[in-house]
Amino acid sequence: MERNPHPPAAASEDAPGQVRRPPPPRTTLGRRVREDRIALSYILPIAASAPQLRALSGYLARIARTVDQLVIVDGSPPAVFAEHQRRWGRFAVHLAPERACRNGKVAGVLTGLAHARNEAVVIADDDVRYRLSELRAMADRLTRHDVVRPQNFFRPLPWHARWDSGRSLLNRMMGGDWPGTLGVRRSALVRAGGYSGGVLFENLEMVRTICAAGGEESVAFDLFVARRPPTAGHFASQRIRQAYDEWARPTRLACQLAILPALAIGGWTAALVGAAAAIGLAEAGRRRAGAAAVFPASAALWAPLWIAERAITAWLALANRLLFGGVRYRGGRLRDAATPPRRLRLAVAAPEGIVAPGAADADRPDLR
């Protein structure tokens, strides 16, 4: 149990012998919050084929002692759900998704938001590991911004996590990295009417939707949150899907598609110059806003390998779009990576809320 950060009431200097009244309890959405808890709802959307008790129970119990509310939205099969309920139901709101959409994570997030009792909300994947100081920092920043995007870093660092760290460092110099967690004001998403569950790049979709509704984003380059790396096999399986995300950012996709033709024309000279530039840019990202404290000096050296990967997988993502109509996702295919910002701005005031282009009725959010 975290110690109470507030000291006991002290005697008043103006009225000796009297005791000051303690400050009124913090409230959020009309209710009181214990003084030893952060006024924050933590939402974990999860769907696992096998019980995750060993991997998550200790961490989740600590989160439950730290924040006002822990909501676990569990789309696992019934037997796995029951195992999770037996352990996690003691300290968390544990429930199944109450809506369905093609991107199952969005269904979990929207269900969690419907049950969140705090204005400040953290949404995190099951591989994210917050510490107390980071949760406090997130709650503080959400008093000033509608959505906060922190910086993930991998611990431990197997070879494939180092490879992906090169991508993170490059992104720090190009608008910010996209982590497995966001902080959001609940009212900001309610005001927007939710966000589409029919797209692949769901975090970008959420941020774009909030901004389209007049919200403000903070890219928190100096807020570092640890993340557990995937297995090497899972990492490999995500390469094309992550490249497909760039359909949401056509300029970046075009640049990535141009890498192989540029190398074919420029040969080894172009490759060496490009590799040196990538390392330099990644190192600049490592030195930005204190990231050198969590990214090792060797991380920038992996950036050229990630660029070489993306030079290939960008073309595979293009082929998936043109030949198959989208990228494979949980037994189906998703065509759209995210909704264009202009279309969101036009749609945000519509009474039916935000809907991705071509989205099925089940993908329509319903938070208003």
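Read-outs: derived from the displayed coordinates by stated rules, not from any lab. Note that the coordinates shown come from a computational prediction; the quantities given were computed from them, not determined experimentally. Methodologically, a virtual Cβ is constructed for each residue, glycine included, from the backbone with ideal geometry; neighbour enumeration extends over all protein chains shown.
Of the complete DSSP H runs in the chain, those spanning 18 angstrom or more by Cα along the long axis with a mean Kyte-Doolittle score not below 1.0 are 259-287.
Stokes-Einstein diffusion for the range 137-225, with the hydrodynamic radius set to the Kirkwood value over Cα pairs and evaluated at 37 °C in a medium of 0.692 mPa s, equals 236 µm²/s. Could you tell me the center-to-center distance, by alpha carbons, between the range 129-157 and the range 281-298 in angstrom? About 18 Å separates the Cα centre of the range 129-157 from the one of the range 281-298. Count charges around Leu301 for me, please; just the other residues with Cβ under 14 Å from its Cβ, Lys/Arg as +1, Asp/Glu as -1. The answer is +1. Shown for Tyr42, Tyr329: other C-beta atoms within 10 Å of each C-beta, ranked fewest to most, produce the order Tyr329, Tyr42. Look at the dipole of the chain built from charges on Cβ: of Pro340, Gly166, Ala277, the Cα furthest out on the positive end belongs to Gly166. Ordered by the count of other Cβ atoms within 10 Å of each Cβ, fewest first, His94, His234 give His234, His94.
If only the Cβ of Lys and Arg carry +1 and only the Cβ of Asp and Glu carry -1, the dipole of the range 26-363 around its Cα centre is close to 460 debye. Placing pseudo-labels 7 Å out from each Cα toward the beta carbon at Phe324 and Phe91 gives an inter-label distance of 4.1 nm. Remark: Trp306, Trp163 ranked as Trp163, Trp306, counting other beta-carbon atoms within 10 Å and listing the fewest first. Compute the Cα gyration tensor for the range 55-111, then decide on rounded, prolate or oblate, letting a ≥ b ≥ c be the square roots of its eigenvalues: rounded whenever a/c is under 1.5, prolate when a/b is larger than b/c in the other cases, and oblate in all that remain. The shape class here is oblate. Relative contact order of the chain, taken over Cα pairs closer than 8 Å and 6 or more residues apart, is 19 percent. Seen from a random direction on average, the alpha-carbon convex hull of the chain projects onto 21.3 square nanometres.
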